[in-house]
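Each remark here refers to the structure printed beneath this line.
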Amino acid sequence: KEYQKKTKRRVMIEYVVLKDINDGEKEAKELAKIAQSFDSHVNLIAYNPSRTSNLKPGNIKHLETVLKKAKVVATIRRSFGQEISAACGQLSTKSQ
């Protein structure tokens, strides 16, 4: 809120969606409540799986639905390069 007060700019909330960690109903409602407390835009980011992590992509569409029902501005960030393991977070796991 302090940043927004000083800059008069909308705050972007970047939210990486992880299966069974932050993609449930409770987390979606908590995120909506936070986003509603000031002028914000939630950018939902699909997790890009890598061979070095057990984390999985979460239910991003569910979060988008909950946020939009709560009148929160939200978009799903488009991911590029996943099919060749070159998306964000995947390049560090490539070996020659």
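Checking each residue in the stretch 1-21 for being out of contact with any helix residue (DSSP H, G or I) (no Cβ under 8 Å at 6 or more places or on another chain) and closer than 13 Å to residue 61 by Cα picks out 16, 18, 19. Note on the stretch 16-26: residues that are over 9 Å from the mean Cα position of the chain (by Cα) and touching a residue at least 12 places away in the same chain (Cβ under 8 Å) total 6. Among the residues of the stretch 44-54, at least one is in contact with a helix residue (DSSP H, G or I) (Cβ under 8 Å, 6 or more places away or on another chain), at pLDDT 95 or above, under 15 Å from residue 12 (Cβ atoms) and part of a strand (DSSP E or B).
From the list 70, 32, exactly one residue is within 21 Å of residue 5 (Cα to Cα) and either of a type outside the set (Val, Ile, Thr) or exposed (fewer than 13 other Cβ atoms within 10 Å of the Cβ) (or both). Which is it? Let's see the steps before the verdict.
On the way: 70 fails: within 21 Å of residue 5 (Cα to Cα).
After applying the criteria, what remains is 32.
The set of residues from the stretch 55-67 being surrounded by 14 or more Cβ atoms within 10 Å (Cβ to Cβ) and out of contact with any helix residue (DSSP H, G or I) (no Cβ under 6 Å at 6 or more places or on another chain) comprises 55, 57, 58, 59, 60, 62, 64. With respect to the conditions (1) in contact with a helix residue (DSSP H, G or I) (Cβ under 8 Å, 6 or more places away or on another chain); (2) at pLDDT below 95; (3) in a helix (DSSP H, G or I), residue 32 lacks only one, and its number is (2).
Looking at the stretch 35-42, is at least one residue in a loop (DSSP other than H, G, I, E, B), within 11 Å of residue 15 (Cα to Cα) and under 10 Å from the mean Cα position of the chain (by Cα)? No - not one qualifying residue is present in the stretch 35-42. Confirm whether residue 3 is of a type in the set (Phe, Trp, Tyr) and either assigned to a strand (DSSP E or B) or surrounded by 13 or more Cβ atoms within 10 Å (Cβ to Cβ) (or both). Against the criterion (of a type in the set (Phe, Trp, Tyr) and either assigned to a strand (DSSP E or B) or surrounded by 13 or more Cβ atoms within 10 Å (Cβ to Cβ) (or both)), residue 3 does not qualify.
Filtered by the rule that a residue be at pLDDT 95 or above and either among the charged types (D, E, K, R) or touching a Gly at 6+ places or on another chain (Cβ under 9 Å) (or both), the stretch 64-96 gives 64, 68, 69, 71.
On the given criteria, is residue 11 under 23 Å from residue 1 (Cβ atoms), surrounded by 14 or more Cβ atoms within 10 Å (Cβ to Cβ) and at pLDDT below 95? The answer is yes for residue 11.
The values are calculated or read from the model by the stated rules, or taken from the named source; none is laboratory data. Being a predicted model, the structure only gives us computed values, none of them experimental. Methodologically, a virtual Cβ is constructed for each residue, glycine included, from the backbone with ideal geometry; neighbour enumeration extends over all protein chains shown.
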